[in-house]
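Since the structure comes first, as structure tokens, the remarks are kept for the end.
The values are calculated or read from the model by the stated rules, or taken from the named source; none is laboratory data. What you see is a predicted model, and the numbers here were worked out from it, not measured in a lab. Note that we place each Cβ from the backbone using ideal geometry, even for glycine, and neighbour counts take in every protein chain shown. Side chains included, ligands, DNA and RNA excluded: accessible areas come from the protein's heavy atoms. Shrake-Rupley method; radii C 1.70, N 1.55, O 1.52, S 1.80 Å.
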There are 2 protein chains.
Amino acid sequence: MELAHFLPIARGDEPADLALRNGRIINVFTGEIIEADVAIAGDTIVGVGPDYAAKEELDLGGRYVCPGLIDAHVHIESSMVTPPQFARAVVPRGTTTVVTDPHEIANVAGVDGIRYMLAVSEGLPLTVYVNLPSCVPATHMGTAGAELTAADLVAMRDLERVTGLAEFMNVPGAVLGLPGSLEKLVAFQGCVIDGHAPGVSGKWLQAYVGAGPGSDHESTAADEMLEKLRLGMYVFIREATAARNLRALLPAVTPSNGRRCAFCTDDRHPADLLDEGHIDYLIRLAIAEGLDPITAIRMATLNGAEWFRLRDRGAIAPGKRADLVVFSNLKDFRAEMVFAGGVLVAQDGVAVGDWPTPAVDDSRVRDTIHVEWERLDLAIPAPPQSPPTLGGKAAPPQSPPTLEGKAAPLSPPQPWGGRRVRVIGVVPDQVVTGHLVEPAKVVDGLAVADLERDLLKMAVIERHRGTGNVGLGFVRGIGLKRGAIAGSVGHDCHNLIVIGCDDTSMLTAARAVGDLGGGLVAAVGEEVLGFVPLPIAGLMSDQPVETVRHQMDALLAVAADLGSALHDPFMAMGFLALEVIPTLKLTDRGLVDVEKFDFVPLFVGE
Amino acid sequence: MELAHFLPIARGDEPADLALRNGRIINVFTGEIIEADVAIAGDTIVGVGPDYAAKEELDLGGRYVCPGLIDAHVHIESSMVTPPQFARAVVPRGTTTVVTDPHEIANVAGVDGIRYMLAVSEGLPLTVYVNLPSCVPATHMGTAGAELTAADLVAMRDLERVTGLAEFMNVPGAVLGLPGSLEKLVAFQGCVIDGHAPGVSGKWLQAYVGAGPGSDHESTAADEMLEKLRLGMYVFIREATAARNLRALLPAVTPSNGRRCAFCTDDRHPADLLDEGHIDYLIRLAIAEGLDPITAIRMATLNGAEWFRLRDRGAIAPGKRADLVVFSNLKDFRAEMVFAGGVLVAQDGVAVGDWPTPAVDDSRVRDTIHVEWERLDLAIPAPPQSPPTLGGKAAPPQSPPTLEGKAAPLSPPQPWGGRRVRVIGVVPDQVVTGHLVEPAKVVDGLAVADLERDLLKMAVIERHRGTGNVGLGFVRGIGLKRGAIAGSVGHDCHNLIVIGCDDTSMLTAARAVGDLGGGLVAAVGEEVLGFVPLPIAGLMSDQPVETVRHQMDALLAVAADLGSALHDPFMAMGFLALEVIPTLKLTDRGLVDVEKFDFVPLFVGE
């Protein structure tokens, strides 16, 4: 709002547009609750307290008013819907600002993906800030759709709504000062740099903090959180769909350090957004766990705004953006009215009014599945018992991967070591996996799934560049008894992953994903039994969040019917290719032993 | 420090330069005291806690270590010494960073004055940040040596060590959106803008805050402070030589709002700096008044750093500048060792080592007294009792002053209204004055001093541009029984002020100030009895702070001998021309009734 327009209203010479009367204002600066009016003009708060005349009035009848909530770190792609639909899910919950890291779409579509997220979130009731993905690709042990150099990032640094550099996952790159990492960190010195340092401690943490990252959302224990706070990091307490840290971390929050803690959701699936909620859920949970309500609200508002230098929001004060949440119960936070930029945009959990739907050319983030289906072969030839002579296309390359340099070219496959195979062990509701070794079941010279031992076959099919790369392996813990599941959501490279009991079902599921232009599929034999289309980069639907949620529920029912006992086998599958999280993972280039940070053969030498 | 140099030391692969062992670290992030080492390389802290190898070690034997102290708002000119000498006074007290507002020298020398202050403070153990003077001149009812436009300020905005815009004193200009003010505020939106809103409240304060100023150091009561905190202002608690607010404000500081409070000294004279101290004095005082020591230290370090966005300091953590204070007693804070940029620069209150003395061309801030002495006449012709015919050069102009527009040209003097005069009433240790009316003592047709009633004559002689302007009036409360005092320190225009019992003494004192190129003088008849030379802009000595302090002590003894009972009549005199502080003031252009914000005649109509 123009200052010349603001001043006469703020000083009382001209009426405000809207006065919220008889509120109890949560003052996040002083920690007080103050009975007052809030006067609004345009998108801006013009006054708090004094009796402002206004063209329109609303009596809050003593209800509480707090600033709009802020999610300090979220991958909107994980909601499986586009930012406008994500906004429809979270704004009625009280969230009016998110800082998103478009890391997923950037791995598929690079700069185009980031620009798409900025464009499609323009003008929403939800202000979407973008923190630039710092590590695309995370490593070169998998094939992503794009690579972001320091120069790419610098070119976007000053765009409107860009806050800085997102979770710097390459901890060794930062601490060891490896070329690509160092270049990015130096380029963003003085800017916001979010950290990502799970379990990092001691001198490595000191070096990491000194290198620039000043926040972290990966603490899982109070001690870990406290060590980070002491070094000056802001700590974002996370409740994602998978990673749920609030209960473990809350004991570390004190009156003295609480101003350096914020809330984030990281990755939340549609059902969790719609059923549990968003940042409002973290506030409720924190208060239920014993945190002072004003401290909880401050963590959800002012603290994040301060870290991200968003000086126009995070508090109710003159000159701030009129993002407000009205609610009745301090112990059970539920947004009853949500104002965004001075406009009532949601009431009783439902969006109201006409929300803008940005018309954006999304052609550069569609049609992202590029696989030569006729060449695709999922067979795993078993090696002979005797000295090895046989090579197979799925064998992993042996040259060492580099952290951020160019990957070495594929070298000739190593001979099979024997007829025992490495198996990825799924750990329910975790992204870490086990590294198992099992005898291979060999039929007609081919290693195949063995349902008796819950050994399913898994393939990671490169889908960005048409390289023909296919990583093949086995997994335990998905639990299918027949058919296959497939999907184009596979962190972080987001190649096409398929897991199944037989090759026919797997090929059917995989091809269906391709036919959808991306999505999640369940199939048996040559029949597709369920699917969720995700045509935007293979990650997001173009449908409303409620539709996606129902599609997803139906698909999960099919997966359960096929035998999986997991709450969400697609989510579990989506993390089995994430080669930076221990212990054993499968990329399009082969099996990765994350602890060795190197490829390992599928068959174990005997 | 280069990141590539920092990292191997921080992660422990190379030794640090210095390790401070066995400290008790004040962690301002978490509010804890942690037993740890601090490892330093170059000017930077590389690690806190883990056992770092180092080329040099220092055993602190359990003493406390806190970050170097920060003064959030200070006019270095008020110390009457240049920045290098000011540093010698405050660094041994533990202050390693100040944000100075060179408002005084800017009123004399404009942009040249500001650039001089930046140049002469380069490379000191004290980091001197400059907040640009926002209101030069404060009004057009006095004649300053320079005017700073929005364009002048914008041209300096991005200079190294410039933080933003300093105390925005023109509250009506901001709230009413008057042209000059609005232009400056718009130009600095998004930057640091310090406020200056004594007693401003209600809707005007809301408008003022929304206009940009986000801090204030003019609160004198807890209620006033709390109103400002609630609107999101940072509050700097001030203990100046004259204005002492800490005891009154401390009750408003709570655990919940304390993170938005900082300390400042504003104006401190040499004796107070040397005897009481600097920010260390505020810490001691606050703790003695019952404030938690860590909260007090946090107000003196991290909080100010956060407001001014000084992200490299204010805390002890890897990557921060190694500005550190070592002390022994948490209840009686006294700096025993002070490190600035990793170097021990003071011990037991005394500077150690070789401090740089910046070689700066100061020719543009010397020779600033421009008065045509032969034209100077201090006589005040008294008007006749009957219908007025006589005019006098000292009569005030009648056209209304404008806030920041050009002053109207001097209009013909109004006829005298009678033989009662308006008299400025000095209020000891305050900058506000009384507005008295007394019968004039008339001798040979001239109004003169009347020692019986402590009515001394006062003149404000324009000294920047040689306009010949002289404002004449009377003052009660200085208490001289003979002679005169004069000085070139006269807020904010810093014209030459002289107060005395007779014109001869006044002319002697005034000319002596001129002969010194600026300074403070006491004289009787044609004899100069004492003086302090202030050749830098007429505001600052070029001598060491101890020398100035002794010169000042001697001069004050002379003033006492001449009959003044005031602690410091020169300081009182220096504020009698400040036409923005109530009630009656005298500028080179005449008497100002500050409440009317307009000139008034010396003689009251009968």
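Ordered from highest to lowest accessible area with the whole protein assembly present and a 1.4 Å probe, A:Val524, B:Val437, B:Val235 read as B:Val437, A:Val524, B:Val235. Working note: Karplus 6.51/-1.76/1.60 with θ = phi - 60° gives region B:40-50 the couplings 10, 9, x, 9, 10, 6, 9, x, 10, x, x Hz, where Gly and Pro are set to x.
Taken along the Cα-to-beta-carbon direction at a fixed 7 Å, the label points for A:Asp158 and A:Glu546 span 4.5 nm.
Residues whose amide H comes within less than 5 Å of that of A:Thr433, counting only those at least five positions distant or on another chain, are A:Thr583, A:Leu584 (H built at 1.01 Å from N in the peptide plane). Distant-in-sequence amide contacts of A:Leu148, defined by a placed amide H-H separation under 5 Å and a gap of 5 or more residues or a different chain, comprise A:Val136.
Take the Cα of A:Glu14, step 7 Å toward its Cβ, do the same at B:Ser328, and the gap between the two points is 6.5 nm.
Looking at chain A, the DSSP beta bridges with both ends there are about 70 percent antiparallel. Accessible area of A:Glu167 (1.4 Å probe, protein heavy atoms only, ligands and nucleic acids ignored): about 10 Å². Segment B:Ile34..B:Val600, full-extension length gain: 197.5 nm, with 0.36 nm per residue of separation and the alpha-carbon distance subtracted.
A straight line joining the Cα centroids of region B:335-366 and region A:550-587 runs 64 Å.
Separation of region B:51-124 and region B:473-544, taken as the distance between their Cα centroids, equals 30 angstrom. First measure r as the distance between the Cβ atoms of B:Arg420 and A:Glu147, then evaluate 1/(1 + (r/R0)^6) with R0 = 60 Å and state the FRET efficiency to the nearest 0.05. E between B:Arg420 and A:Glu147, to the nearest 0.05, is 0.10. Pairs exceeding a 18 Å alpha-carbon distance, out of B:Lys184/B:Lys596; A:Lys441/A:Lys481; A:Lys184/A:Lys596; A:Lys320/B:Lys203: B:Lys184/B:Lys596; A:Lys184/A:Lys596.
Taking every residue in A:208-220 and counting other chain Cβ atoms within 10 Å of its Cβ, the average works out to 3. Our Cα-only numbers for the protein assembly as shown put the radius of gyration and Dmax at 35.9, 133 Å. Each other copy holds its own label point for A:Glu2; taking that point as 7 Å from Cα along Cα to Cβ, the gaps run 5.1 nm, nearest first. Placing a label point 7 Å from the Cα of B:Asp51 along the Cα-to-Cβ direction, the residues of region A:166-205 whose backbone N falls under 20 Å from that point are A:201-205. Rounded to the nearest 5, the antiparallel percentage of DSSP beta bridges internal to the protein assembly as shown is 70%.
For the residues of A:7-17, the average number of beta carbons from a partner chain within 10 Å of their own beta carbon is 5. Karplus-based coupling profile of region A:334-349, in residue order and whole Hz: 9, 5, 9, 9, 10, 10, 10, x, x, 10, 5, 10, 7, 9, 6, x, with θ = phi - 60° in 6.51 cos²θ - 1.76 cosθ + 1.60 and x standing for Gly or Pro.
3J(HN,Hα) along region A:419-425: 10, 9, 10, 6, 10, 6, x Hz, from the Karplus curve 6.51 cos²θ - 1.76 cosθ + 1.60 with θ = phi - 60°, whole Hz, x for Gly and Pro. Loop-located trypsin sites (Lys or Arg not before Pro) across region B:434-476 with a Cβ neighbour count of 15 or fewer within 10 Å are B:Arg465, with loop assigned by DSSP. Taking each residue in A:254-261, count the Cβ atoms of any other chain within 10 Å of its Cβ, then average. What number comes out? Counting Cβ atoms of other protein chains within 10 Å of each residue's Cβ and averaging gives 5.
In chain B, Cα pairs under 8 Å separated by at least six residues give a relative contact order of 15 percent. Here the label points at A:Ala351 and B:Arg247, each 7 Å from Cα along the C-beta direction, are separated by 6.1 nm in the simple model. Descending by average beta-carbon neighbour count within 10 Å, the peptides A:50-58, B:486-494, B:48-56 line up as B:486-494, B:48-56, A:50-58, the highest first.
Restricting to DSSP loop positions (anything but H, G, I, E, B) with no more than 11 other Cβ atoms inside 10 Å of their own Cβ, which GluC sites (Glu not before Pro) remain in region A:293-372?
When the GluC sites (Glu not before Pro) of region A:293-372 are filtered for loop state and at most 11 Cβ neighbours within 10 Å, A:Glu372 remain.
Only DSSP H runs of four or more residues enter the estimate; each adds -39500 (n - 2.57), and after division by the residues of chain A the mean residue ellipticity at 222 nm equals -6500 deg cm²/dmol.
Scanning residues 5 or more positions from B:Asp17 or on other chains, those with amide H under 5 Å from its amide H are B:Ile40, B:Ala41, B:Gly42, B:Lys55, with H placed 1.01 Å from N in the peptide plane.
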